[in-house]
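First comes the structure, then the notes that go with it.
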Amino acid sequence: MDMTHSIENSVKDYLQKKYEVTVESFEFQQTRKEFEGDITLVVFPLLRYVKTNPVKLGEELGEHLVKDVEQICAFNVIKGFLNLSFTNSFFVNQLEEIITTQDFGTQQKDEKSDKMMVEFSSPNTNKPLHLGHVRNNLLGHSVSEILKANGKEVFKTQIINDRGIHICKSMLAWQKFGQGETPESTEMKGDHFVGKYYVIFDQKYKVEIKELIEKGHTEEEAKKQAPLLLEAQKLLKKWEENDTETVALWQKMNNWVYEGFEKTYSDLGVDFDKNYYESETYILGKEFVLKGLKDGIFYKKEDGSIWVDLSEDGLDEKLLLRADGTSVYITQDIGTAIQRVKDFQINGLVYTVGNEQDYHFKVLFLILKKLGFAWAEHLYHLSYGMVELPDGKMKSREGTVVDADQLIEEMVTSAQEIAEELGKIDDLEKEEKQKLYQAIGKGALKYFILKVDPRKNMLFDPKESIDFQGNTGPFIQYTHARIQSLKRKANIADFSVIDYKNALDLKEKDIIKHLLKLPSTIAQAGDELNPALICNYTYDLVKLFNSFYQNSPIIIEDKNVTQFRISIADQVAKTIALNLNLLGIESPQRM
């Protein structure tokens, strides 16, 4: 499908025979919209071999290519740019090849495929998922699907941060203030229930700090000496000592949270092949830290703490084990990485984590390399920007986060209100309507978040995301549904276009040219770990189709033209559905 090879070979032969020069590489561009043509050969680099005027050489090569390459029918030269036009039959044949290629645009997994792991979500078990987690989950899931579309074998995982002082704060608050209530007795989701006590701890803690300051303590002293914090630290120590009662409470409250998480994951349409738990992997991490100490990779300070010196690598010293032998975050990350490679024999690992952890991952990857793991060269940090709101950032301790469950519910409700106002699905059964509201609402949320380059901070605006016009999920879903309606009306079973003899109009060519970019777009999205490229491609395709639809009647008396245009429409719909699936979004048949 790539004509550049035919053009290259033809020009190489011509230059060799006429000028006795050998040219190894050529520069191509997409022809600019204001000029006629389908592909542009940049002539300027060839002047190194042929000393002449660029326009003259362009004219010369254009005349040769029209005669020598069957698929080229015309050319024009603008300064040093040779614009080439392809024949109608070329585009018809390309469309036929697209139509007859199963899963066009994707690569199939085989026994030689790379094994990739994508880590995402990675929640703490002391609070429910919020808007930041939503971006994390949607990115991780979409990147996993894009890597699969590039022929990779992909394993989706999360590391659950189920230990530490933050967990003990929720546990202590429930012990002291919970009066035995449970998620069942309060009819709350488990993660919301436990999160409530995390907020309660912070509220009570602040009261104690204020009281200590009023008694003459400094703010720093008060924060360290507040009785609640000291109790939470004692609870953490009891957990680390495997105290039976403490561990039982920890397990009970974590299980409440896991049940809540599963409901949210189900609503978001994400899942995992394996969960890892910090409470387990930190043990393996400690083993390798001690091994690194023995091998002279790390060093011990006088107080007994273990460190690594990365100053020669442009980084700082990093604590790996505290003086009392307890681990820090990077300890469990070392253990988790080693365990994952052991479990799945992966070739690469993508960490979907916010950009505030950029330095952490530089340190982690470097430590694993120093420990002698060759696979550490294939670790990637998908560093994404924060999600901001029109009224500011989120603070989980104060209970002011944008809750993921509430956000999903509100998006679905908005979709229902808009769909009912439009009145185009009044004849659907109630259950079908509810499924459609879910698809539209969640599709709006997912698309709005994923269309932004992951590396950028983003402002999430729920009202803008649910709009049925513009660069939104509902607009793209509506185009897919419109095409399904056209297909039902046309009632055409055969989508072959190989015998089509009519001339193509410019908009038909533009759609076919855009369809041809799908494989390279999916490949680039996989290389860059960037779902926004899929969003941009799909939006551009939808705009091209809607312009075509408005200017070129699809169902007309000429059955030959109708079949060709319905075939284009069908392939557009298939491409929309494929891409939306890569984004975790449904493609409704009706809207």
Name the residues whose placed amide hydrogens come within less than 5 Å of the amide hydrogen of LYS189, ignoring near sequence neighbours (fewer than 5 apart) on the same chain.
none
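Which links in LYS238/LYS286; LYS435/LYS559; LYS109/LYS456; LYS152/LYS286; LYS196/LYS430; LYS12/LYS79 stretch past 26 Å when you go from one Cα to the other?
Working: LYS238/LYS286 19 Å; LYS435/LYS559 36 Å; LYS109/LYS456 31 Å; LYS152/LYS286 32 Å; LYS196/LYS430 35 Å; LYS12/LYS79 21 Å.
LYS435/LYS559; LYS109/LYS456; LYS152/LYS286; LYS196/LYS430, as the Cα separations exceed 26 Å there.
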Could you work out [θ]222 nm for the chain from helices alone, using -39500 (n - 2.57) per DSSP H run of at least four and dividing by all its residues? Round to the nearest 500 deg cm²/dmol.
-18000 deg cm²/dmol
Hey, what angle do you get for helix 506-516 against the long axis of the chain, alpha-carbon based, 0 to 90 degrees rounded to 10?
50
Only loop residues by DSSP count here, and only those with at most 10 other Cβ atoms within 10 Å; note down the trypsin sites (Lys or Arg not before Pro) in region 15-90 that meet that.
LYS33, LYS51, LYS79
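Based on the alpha-carbon gyration tensor of region 405-582 and its eigenvalue square roots a ≥ b ≥ c, which shape applies: rounded if a/c is under 1.5, prolate if not and a/b is larger than b/c, or oblate?
Details: a/c = 2.46, a/b = 1.34, b/c = 1.84.
Oblate shape, in that a/c is at least 1.5 and b/c is the bigger or equal ratio.
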Once you've got the Cα coordinates, tell me which of LYS451/LYS574; LYS252/LYS451; LYS318/LYS342; LYS169/LYS370 are over 28 Å apart.
LYS252/LYS451; LYS169/LYS370
Taking Cα centroids, how far is region 223-269 from region 407-479 in Å?
36
Once phi is turned into ³J(HN,Hα) by the Karplus curve 6.51 cos²θ - 1.76 cosθ + 1.60 with θ = phi - 60°, what whole-Hz value does each residue of region 349-366 show in order, with x for glycine and proline?
9, 10, 9, 8, 9, x, 6, 5, 9, 4, 5, 3, 6, 4, 5, 4, 5, 5
Per-residue ³J(HN,Hα) for region 280-295, Karplus 6.51 cos²θ - 1.76 cosθ + 1.60, θ = phi - 60°, Hz, x for Gly and Pro
9, 6, 5, 5, 5, x, 4, 4, 6, 5, 5, 5, x, 5, 4, 7
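Can you give the longest stretch of the chain with no exposed loop site, where a site means chymotrypsin sites (Phe, Trp or Tyr not before Pro) in a DSSP loop (not H, G, I, E or B) with at most 16 other C-beta atoms within 10 Å? Can you show the working numbers first?
Working: sites that count: PHE26, PHE35, TYR49.
Value returned for the longest uninterrupted segment is 50-591.
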Under the Karplus curve 6.51 cos²θ - 1.76 cosθ + 1.60, θ = phi - 60°, whole-Hz ³J(HN,Hα) for region 562-576, x wherever Gly or Pro sits
4, 4, 5, 6, 5, 5, 4, 4, 4, 5, 4, 4, 4, 5, 4
What's the exposure ranking of ILE522, ILE556, going from fewest to most Cβ atoms within 10 Å?
ILE556, ILE522
Which angle from 0 to 90°, rounded to the nearest 10, does the C-alpha axis of helix 88-100 make with the longest principal axis of the chain?
40
Tell me the trypsin sites (Lys or Arg not before Pro) within region 431-536 that lie in a loop according to DSSP and have at most 12 other beta-carbon atoms within 10 Å.
LYS456, LYS501
Can I get the semi-axes of region 107-209's equivalent ellipsoid? Compute them from the C-alpha gyration tensor as square roots of 5 times the eigenvalues, in angstrom, largest first.
39, 13, 11
Residues with amide H under 5 Å from that of MET117, placed H, sequence gap 5 or more
PHE155, GLY348, LEU349, VAL350
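Show me the GluC sites (Glu not before Pro) within region 118-159 that DSSP assigns to loop and that have at most 15 other Cβ atoms within 10 Å of their Cβ. Don't skip to the end; give the middle numbers.
Numbers: sites: GLU119, GLU145, GLU153; in loops: none.
Here no GluC sites (Glu not before Pro) fit, given the DSSP loop and packing criteria.
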Under 5 Å between amide hydrogens, which residues at least 5 positions from GLU388 or on another chain qualify, with H placed 1.01 Å from N in the peptide plane?
MET458, LEU459, PHE460
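Throughout, read-outs are computed from the coordinates displayed, never taken from laboratory work. From a predicted model like this one, the values you see are computed outputs, not experimental measurements. Cβ sites come from the backbone with ideal geometry, for glycine too, and all protein chains shown count toward neighbours.
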